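The values are calculated or read from the model by the stated rules, or taken from the named source; none is laboratory data. Predicted model only: the values in this text are computed from it and were never measured. A quick note on method: Cβ atoms are made from the backbone with ideal geometry, for glycine too, and the neighbour counts reach across all protein chains shown.
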Amino acid sequence: MQILLFTHKNIKDMKKGWYIIALLLFICTNNIQAQKGKCLSKEEFRAKQEAFFVEQNILTQEEAKQFFPLYFELQDKKHAYNKKAWQLMRQGKNENLSEEEQMKVIEDVIKTKIEINELDLEYIHKYKVFLSAKKIYRLQRAEMRFHRELLKPNKKR
């Protein structure tokens, strides 16, 4: 049987341990709070996206006035299709689906992705009315860079 002796040194070490635990908890809760604050509203996201595109000096002011309403219209439509695809994917998690039902879910998800790609192509033709192919390409690259920048960890947004 072991007897615990609370000496001055043991108590001091215990206090250090509690301080370390308290500090770690404080750091963890601050990180969680900081992560919760990173979500942007739809309007904030679009404002950042528009500012990023403008910073790239791809569009004139007149082109930007024509481009952004169409671009955000496309984003809204794509959002609806993506929501549909995710709902289908959730249905596919159901273990009780028959082989035929599971295949229908898979096909419907793929069809939804095709519809999104067709929508992209439709809007490319709408942009072509007032933008050159080179500018459209540069905008597509800027969009990819924007999303990459947004996803970088520890990046101020």
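For the range 55-157, which fully contained helices (runs of 4 or more DSSP H) count at least 2 residues that are among the β-branched types (Val, Ile, Thr) and surrounded by 12 or more Cβ atoms within 10 Å (Cβ to Cβ)?
Answer list for the range 55-157: 99-128.
Could you list, in sequence order, all residues of the range 107-118 that are out of contact with any Leu (no Cβ under 9 Å at 6 or more places or on another chain) and more than 18 Å from Asp76 (Cα to Cα)?
Glu107, Ile110, Lys111
Do any residues in the range 58-72 that are more than 12 Å from Tyr123 (Cα to Cα) have Cβ atoms under 9 Å from those of residues that are among the polar types (S, T, N, Q), where the two are at least six apart or on different chains, and which pairs are they?
Listed by first residue and then by second, the contacts come to Leu59/Gln66.
Residues to consider are Lys48, Lys111, Lys83, Lys12; find the one that is at pLDDT below 90 and of a type in the set (Lys, Arg).
Lys12
Look through Glu149, Glu101 and report the one residue that is of a type in the set (Asp, Glu) and in contact (Cβ under 8 Å) with a residue 60 or more places away in the chain.
Just a single option satisfies the conditions, and that option is Glu149.
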